[in-house]
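Structure, as structure tokens:
The values are calculated or read from the model by the stated rules, or taken from the named source; none is laboratory data. Everything numeric here is computed off the predicted structure, so don't read it as measured data. Reconstructed Cβ throughout: ideal geometry from the backbone, glycine too, with neighbour counts over all protein chains shown. Note: accessible area is taken over every heavy atom of the protein model, side chains too, but ligands, DNA and RNA are not part of it. Shrake-Rupley method; radii C 1.70, N 1.55, O 1.52, S 1.80 Å.
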Amino acid sequence: MVPRPHTVRRVWQETHDTFTLELAPAAGDGAAPSSFAPGQFNMLYAFGVGEAAISISGDPARPERLVHTIRAVGATTKALARLRRGDTVGIRGPFGSQWPLGEAAGRDIVIIAGGIGLAPLRPVVYHVLQNRQNYGNVVLLYGARSPGDLLYAKELEQWRGRFDLEVQVAVDRAPATWRGTVGVVTNFIPRARFDPSEAVAMICGPEIMMRFAVQGIEELEMKSESIYISMERNMKCAVGFCGHCQFGPAFICKDGPVFSYESVRALLNIRGI
Amino acid sequence: MTEIALTVGTHSVLERASLDKLFAALSKRGFRLVGPTVRDGAIVYDELKSAADLPVGWTDEQKGGTYRLKSRNDGAVFGYTAGPHSWKKFLHPPAVRLWQADRADGAFEIKEEKPDAQKTAFIGVRSCDLHAIAVQDKVFLNGRYLDPYYQARRENSFIAAINCSQAGGTCFCVSMGTGPKAASGFDLALTEIREQERHYFVAEVGTELGAEILAELPHREVEGHEKAAADETVAKTAQAMGRQMDTTNIKELLYQNYEHPRWDQVAGRCLTCANCTMVCPTCFCTTVEDVTDLKGEHAERWQKWDSCFTRDFSYIHGGSIRATPKTRYRQWMTHKLATWIDQFGTSGCVGCGRCITWCPVGIDITEEVRAIREAPQSPKGSPTGDKHGNT
Ligand SMILES: Cc1cc2nc3c(=O)[nH]c(=O)nc-3n(C[C@H](O)[C@H](O)[C@H](O)COP(=O)(O)OP(=O)(O)OC[C@H]3O[C@@H](n4cnc5c(N)ncnc54)[C@H](O)[C@@H]3O)c2cc1C
Ligand code: SF4
Ligand code: SF4
């Protein structure tokens with residue numbers, strides 16, 4: 001229940017409002033870094049300001065490099081944005097459910113991300129690329145507001161260059177110099193190379209984008225049990241005590257954030273739940 | 001006095017005059033005593049010094065949106081029902097410091113708060129509230145995570161239950177299967193009996209500790225007519241419930257009626273004042289507040305009661321998920337009566353009636369269920385029972 005102090009090892013600015021922190025347990029902590037599963041999150045504490053739920057965006061095979069990608073939107077995330085190398089941050093976690101990498105073994109995978117939603121999916125990409133022979137076709141469809149809002153630009157470029165990964169990127173609006181696609185990420189779904197009858201979909205982004213993505217995938221007659229989404233709700237404790245993250249009968253913090261679409265389909269159609 | 005073997009489940013007689021000795025025996029063992037007492041025109045739960053602090057000769061009158069204290073002339077000690085407080089005030093307090101942190105040279109250290117080892121005896125816990133405590137036990141102790149602070153408070157508690165000798169105007173424990181007789185979860189359970197010349201308690205032993213405490217007090221084996229008087233007392237109470245709720249398939253009923261027009265109707269009356277969540281003995285939601293001293297070197301994290309009726313409760317960047325009173329009332333009631341069952345395997349409502357009494361506009365959860373049941377939106381809804389919710 002109490003945050004463990006961690007030291008900031010490195011800070012990268014990803015976009016004008018989003019940055020990545022690499023953390024390690026503070027000297028003298030003694031305990032080994034926690035391992036995590038793709039899709040899980042930590043609570044990050046900025047001294048005196050507050051805590052925020054932030055997905056782990058690093059490589060699950062290298063838990064000693066604890067990596068978080070954060071968009072500065074409010075009090076806590078802006079305080080986290082002021083952290084510099086050597087500063088201390090509190091960590092509780094990891095919490096929550098994981099992307100269905102076991103279930104996806106031997107099958108095609110379609111990853112659909114919007115905006116900061118790529119952060120909790122990046123560990124999936126790392127895992128899949130390290131265990132490439134275990135999976136069929138792998139597709140990453142990523143959308144952002146503008147070219148300047150794309151996360152992990154260099155990595156995206158590398159991934160695009162691989163023959164064993166299909167990467168498609170779209171932005172909502174772009175200057176004339178942008179040579180990529182302008183439009184919604186869901187437009188890629190019908191043309192992407194995966195077998196809908198066999199594939200597993202993993203989707204994270206704004207709720208509205210996830211709705212459209214699910215719709216697009218269902219039109220290909222993909223089974224709804226094979227579709228997974230990651231949900232977001234206000235969160236205070238992350239251990240099911242504070243009540244804030246309730247989503248119908250589910251607690252996002254411990255039953256989620258990753259849910260099979262099948263299990264939350266009815267709730268997603270009700271406004272204000 | 002005849003000596004009897006006091007074991008779990010046995011009944012004895014404790015004279016009214018011996019009540020103070022119960023308090024003394026608990027104090028001697030280091031228990032802080034808390035129980036009902038009169039303050040500011042209501043019967044609240046607070047620290048008690050002796051049995052004299054109990055609301056002797058008082059009763060309450062409760063209706064939707066109304067609570068009134070009245071004196072009674074029979075000297076009854078427990079002749080009232082649930083008031084504005086519940087035991088969560090002590091077991092899950094309104095404000096708790098979770099930890100403190102001190103910063104020096106950019107780094108900080110966190111000092112965890114120690115679980116509270118204060119032994120507390122709860123005097124006069126009613127059956128609905130015993131069930132409410134059991135509900136919160138499920139929330140804080142029976143899940144994947146365990147709240148060590150709650151656990152310490154629970155392990156250090158002694159519970160003297162009181163079987164209700166009258167029902168309040170907003171009570172419906174019978175509908176919820178939670179009363180009026182305490183069935184488990186107590187150390188001792190008392191039934192107060194007033195006859196022409198006598199005033200005594202029939203005491204049931206619930207635990208070894210309860211037996212030990214009772215053994216230290218003047219007591220004797222219960223006689224047949226005394227036990228019968230106790231049984232009759234609770235039976236009469238059960239017949240006098242102020243409210244009823246038909247709970248048949250209630251989870252399904254609410255799951256199928258998320259878009260029922262009644263939610264708009266009740267939202268037109270609800271002030272989103274959050275009173276109902278504050279008085280409810282099972283509502284457990286909290287928020288946290290992070291504070292620092294003026295120099296910014298000492299920080300603390302406090303956990304405080306929160307309510308799903310506030311707009312901030314469901315805030316995420318860009319706006320609140322439950323931006324309207326309709327969605328907030330629906331969240332509260334659907335949580336109490338439906339999602340709670342999926343989450344914790346029990347109803348989140350124990351029928352204590354507090355939310356009805358303390359709602360400034362008298363919104364009545366039993367009435368809201370009835371309205372939806374009478375005209376369910378989905379054909380799969382199950383409109384059983386007559387117009388008054390009786391089955
Ligand atoms: C499971 C999960 C994973 C997340 N992963 C990431 C991530 O990898 N990167 C990232 O940048 N953001 C992530 N978020 C969102 C992030 O938690 C919020 O942006 C952050 O809490 C905002 O806090 P603030 O104090 O800066 O903002 P304020 O607007 O000042 O927030 C006030 C309060 O509202 C709540 N709140 C506001 N927005 C959110 C939100 N979107 N989700 C949950 N609570 C919120 C918080 O309790 C916060 O204390 C995640 C959220 C969840 C639930
Ligand atoms: S919902 Fe109302 S009647 Fe039910 S337990 Fe809570 S306060 Fe009591
Ligand atoms: S139901 Fe009544 S007590 Fe509850 S928030 Fe609405 S007005 Fe307040």
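Before moving on, here are some points about what is shown:
- Residue in segment B:35-55 that is of a type outside the set (A, V, I, L, M, F, W, C), more than 22 Å from the chain's Cα centre (by Cα) and under 28 Å from B:I356 (Cβ atoms) present: no
- In segment A:131-174, residue farthest from the chain's Cα centre (by Cα) [restricted to those that are in a strand (DSSP E or B) and closer than 21 Å to A:D59 by Cα]: A:E166
- Those residues of segment A:231-273 which are aromatic (F, W, Y) and either within 16 Å of ligand 2 (Cβ to nearest atom) or part of a loop (DSSP other than H, G, I, E, B) (or both), in sequence order: A:F241
- Within segment A:244-256, the set of residues being more than 18 Å from B:C283 (Cα to Cα) and open to solvent by less than 10 Å² (accessible area, probe 1.4 Å) comprises A:I252, A:C253, A:G256.
- Total residues in segment B:325-347 satisfying the condition of being within 17 Å of B:L141 (Cα to Cα) and within 14 Å of ligand 2 (Cβ to nearest atom): the figure is 5.
- Residue within segment B:280-293 that is within 14 Å of ligand 2 (Cβ to nearest atom), open to solvent by less than 40 Å² (accessible area, probe 1.4 Å) and more than 13 Å from chain A (Cβ to nearest Cβ) present: yes
- Scanning segment A:86-113 for residues that are more than 15 Å from ligand 1 (Cβ to nearest atom) and either among the polar types (S, T, N, Q) or closer than 21 Å to A:L21 by Cβ (or both), we see that the one that is surrounded by the fewest Cβ atoms within 10 Å (Cβ to Cβ) is A:G86.
- Counting the residues of segment B:313-329 that are at negative phi and more than 8 Å from every other protein chain (Cβ to nearest Cβ) gives 4.
- Every test in (1) of a type in the set (G, A, S); (2) open to solvent by less than 20 Å² (accessible area, probe 1.4 Å); (3) closer than 26 Å to B:A238 by Cβ; (4) at pLDDT below 95 is passed by B:A338 save one, and that test is (4).
- The helices (runs of 4 or more DSSP H) located wholly in segment B:139-242 that include 2 or more residues which are open to solvent by less than 20 Å² (accessible area, probe 1.4 Å) and away from chain A (no Cβ under 14 Å) occupy B:208-215, B:224-239.
- Extreme residue, modelled with the lowest pLDDT, among residues of segment B:311-324 that are open to solvent by 50 Å² or more (accessible area, probe 1.4 Å) and not acidic (D, E): B:G318
- On inspection, A:E221 fails the criterion of being within 19 Å of the chain's Cα centre (by Cα), open to solvent by 10 Å² or more (accessible area, probe 1.4 Å), away from ligand 3 (no atom under 16 Å from the Cβ) and not basic (K, R).
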